[in-house]
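Coordinate-derived values only; no laboratory data. Because the structure is predicted, anything quoted here is derived from the model rather than measured. Note that we place each Cβ from the backbone using ideal geometry, even for glycine, and neighbour counts take in every protein chain shown.
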Amino acid sequence: MKKVILTMFLAVSGLCLVSAQVYLGGSVGFSTSNSKPEKGTKTDQSSFSFIPEVGYSLNQDLDLGLKVGFGNNEYADNTESSNWIVAPYVKYSFAEFGRFSVWGQGELFVGGAENNKVKSSSFGLNIKPVLKYNLSDNFVLVTNLNFLNIGFAQTKTKNLKTDTGFSLGMNTNNVANTGNLSIGFIYKF
């Protein structure tokens, strides 16, 4: 893990020295929910995620970047799960409307999770649309539309079976679900 962090630090430092086309950004998420049905078990849940990213604009229409994410979930029965992800990506601009722009993002990812001392690892590919809004020359808001995607993922759980999944299409039933819509920011140097 120390080698990965050191390599990422050196890569970011090198990119910052190359030119002013480097950007930093990311998103932070927190959610909590609770319900107590008339019959049944109380279900409380809280989750936290932190996903910083660094990128490099090759030109006005093409970006390369890397996201590193960490997350944690706590449940009513005092169980906890944690997860991490590393995802290099490429973004391509398809359309621009004033300060708004529509991008396509393809990312490869590798990650892991631990829940009740059961560890799993996963890797895959996601392709999804991204909306950007330029607040200024240096600040940009970014919205990942996770309910529209093409994806492949394989998850392997220790001592259990391997699950492979493929997704294609759009899930408009979950547009209002904040897990399917994330808003982050970018600062361009």
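Between V102 and T164, what is the label-to-label distance in nm when each label sits 7 Å out along the Cα-to-Cβ direction?
3.3
What distance in nm separates the simple spin-label points at N78 and L64, each placed 7 Å from Cα in the Cβ direction?
5.0
Between S93 and K117, what is the FRET efficiency for a Förster distance of 41 Å, r being their Cβ-Cβ separation, to the nearest 0.05?
Between S93 and K117 the formula returns 0.40.
Just subtract the alpha-carbon distance of V86 and T43 from 0.36 nm times their residue separation and send over the number in nm, one decimal.
Working it through step by step, the gained length comes to 12.5 nm.
Please turn the phi angles of segment 56-61 into ³J(HN,Hα) values with the Karplus equation 6.51 cos²θ - 1.76 cosθ + 1.60 (θ = phi - 60°), one per residue in order, whole Hz, x for glycine and proline.
Values per residue, Gly and Pro as x: 9, 8, 6, 7, 5, 10 Hz.
Quick one: which of K67/K117; K128/K188; K132/K158; K119/K188; K91/K156; K67/K158 span more than 32 angstrom between C-alpha atoms?
As for pairs spanning more than 32 Å Cα to Cα, those are K132/K158; K119/K188.
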